[in-house]
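Below: the structure, in structure tokens.
The values are calculated or read from the model by the stated rules, or taken from the named source; none is laboratory data. Owing to the predicted nature of the structure, the values given are computational and were not obtained by experimental measurement. All Cβ positions, even for glycine, are placed from backbone atoms using ideal geometry, and neighbour counts span all protein chains on display. Quick note on the areas: whole protein, heavy atoms, side chains included, nothing else; ligands and nucleic acids left out. Shrake-Rupley method; radii C 1.70, N 1.55, O 1.52, S 1.80 Å.
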Amino acid sequence: MTEQWVKQQREVDSYNLFFSSFDGLSGSDALFDLGYRLVGSFVTITDSRQQLEVGPDFVLFNGETALLVEIKSGGNINGRDIRQMERCNELSYENVVEFLRDAEFSGQGVDPNDLSNVEPIIVYYTDFIDGCRTSSGCTEALDELSQHCTVLSQDKGEALKHEEGELEDDGLEAMLRTGIQLPRLVDKKVYLTENANREILAYSIAHDFVLNNLGKDDRLKVTPSDVIERYRHREVPLEKATDALRFLEKIGGCSQNADGEFVFDRHRIGKLLQVQSKLEQTRVKDSLQNEENGQSSLRDFSPPAETNGGADE
């Protein structure tokens, strides 16, 4: 299994695991019970006066408190993590209120003007936090990070819980001290990593874009521009969208027509369902490079075109 796929899959899993904290396990209290609703995913909040720009993975709001949530799946706390949460902590209330007003958010009657608290939050996997506390260097980084935000941990079948830092929302503080119980099997709501790597982009096109919509029609025509539009809040580069579609074509999940569109149909569903196993074996760029090299080799060894005569005939 490729290292790139494992990393990307773990990142997407961490997003979906956090989403499960809205409902938690049946019968247990969760974020939804405190009135929190999702305002936006992978958004940008700017503070022009301080020349700040932050990009939390998720923004939640319950009518009084806004949570700026960053989800991490890696195995370290780096300077970028600390600076990211420091910027979130420095945002003015006025800019968060402005963001809430402009967001595409049906807030069940809540008013952004009632905002009284902004909580920057960062979430790591539990195994990482446990390991971090055994390393002096990591512990120091964790302490520094907690000066700017609240640190939570999560894991499948366990809980979303408070680890470091202070929360001003007393109800949320009490809930997270006990822990929001999380399911072992997590529903997929997010299919794409923050950086939209080629592997997870190919997977998300297959499962989110195509398989979730192909039933409505026997055929679905998709261009790289369609992919960019579908994930317009994620800033997917054209080159990555094109490569992901070419990979799906290579594994037999679609075909490309004369207009450059990639055509998906119900007869190729079986091939699309194999996309994960293919991605576990090879990177998209490597796969496409091998294809190009193979085509070059065929051209190199193809017989010369016939001529009307000459010394080399």
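Under Stokes-Einstein, with the Kirkwood radius over Cα pairs standing in for Rh, what whole-number D in µm²/s applies to the chain at 37 °C and 0.692 mPa s? If you can, show how the numbers build up before the last one.
On the way: Rh = 22.0 Å.
Translational D for this selection: 149 µm²/s.
Longer than 25 Å from Cα to Cα, which of Lys156/Lys189; Lys189/Lys221; Lys7/Lys285; Lys189/Lys250; Lys156/Lys221 are they? Say none if no pair is. Before the final figure, lay out each step's value.
Working: Lys156/Lys189 15 Å; Lys189/Lys221 23 Å; Lys7/Lys285 16 Å; Lys189/Lys250 27 Å; Lys156/Lys221 37 Å.
Beyond 25 Å: Lys189/Lys250; Lys156/Lys221.
For the chain, give me every cysteine whose Cβ has no other Cys Cβ within less than 4.7 Å, ordered by residue number.
Within the chain, the cysteines lacking a partner Cβ under 4.7 Å are Cys88, Cys149, Cys254.
For the chain, what proportion of DSSP beta bridges, expressed in % and rounded to the nearest 5, is antiparallel? Please report the intermediate quantities before stating the final value.
On the way: 22 of 34 bridges.
Of all bridge pairs located within the chain, approximately 65 percent are antiparallel.
What whole-number value in Å² describes the accessible area per residue of the range 198-282 for a 1.4 Å probe?
Working: 4270 Å² over 85 residues.
Value returned for the range 198-282: 50 Å² of accessible area per residue.
Which trypsin sites (Lys or Arg not before Pro) in the range 1-75 pass both tests, a DSSP loop state and at most 12 other beta-carbon atoms within 10 Å? Could you put the intermediate results ahead of the total?
Values: sites: Lys7, Arg10, Arg37, Arg49, Lys72; in loops: Arg49, Lys72.
In loop regions of the range 1-75 (DSSP not H, G, I, E or B), the sparsely surrounded trypsin sites (Lys or Arg not before Pro) are Arg49.
Quick one: putting +1 on the C-beta of Lys and Arg, -1 on the C-beta of Asp and Glu, what dipole do you get for the chain around its Cα centre, in Debye to the nearest 20?
On the way: 33 positive and 58 negative charges, 238 e Å.
Using Cβ point charges on Lys, Arg, Asp and Glu, the chain gives about 1140 debye.
Above 20 angstrom, tally the Cα pairs of the range 198-282 and express them as a % of all pairs, no decimals. Spell out each step's value before the answer.
Numbers: 861 of 3570 pairs.
Here the tail beyond 20 Å accounts for 24 percent of pairs.
Per residue and in Å³, how big is the convex hull formed by the alpha-carbon atoms of the range 1-131? List each step's numbers first, then the result.
On the way: hull volume 17.5 nm³, N = 131.
Cα convex hull per residue, to the nearest whole number: 134 Å³.
log10 I(q)/I(0), Debye, Cα-only the range 94-193, no solvent, q = 0.11, 0.17, 0.18, 0.22 Å⁻¹?
Each listed q maps to, in turn, -0.46, -1.00, -1.07, -1.20.
Counting only the heavy atoms of the protein chains, how much of Phe209 is accessible to a 1.4 Å probe, in Å² to the nearest 10?
Counting only protein heavy atoms, the figure is 30 Å².
Find the relative contact order for the chain and round it to a whole percent, using C-alpha pairs within less than 8 Å whose residues are 6+ positions apart.
Numbers: 484 pairs, mean separation 53.8, N = 313.
Result for the chain is 17 percent.
Over the chain, what percent of the accessible surface lies on carbon and sulfur atoms, probe 1.4 Å? The partial results should precede the final answer.
Working: 6880 of 16310 Å².
Taking all protein chains in place, the chain shows 42 percent carbon and sulfur surface.
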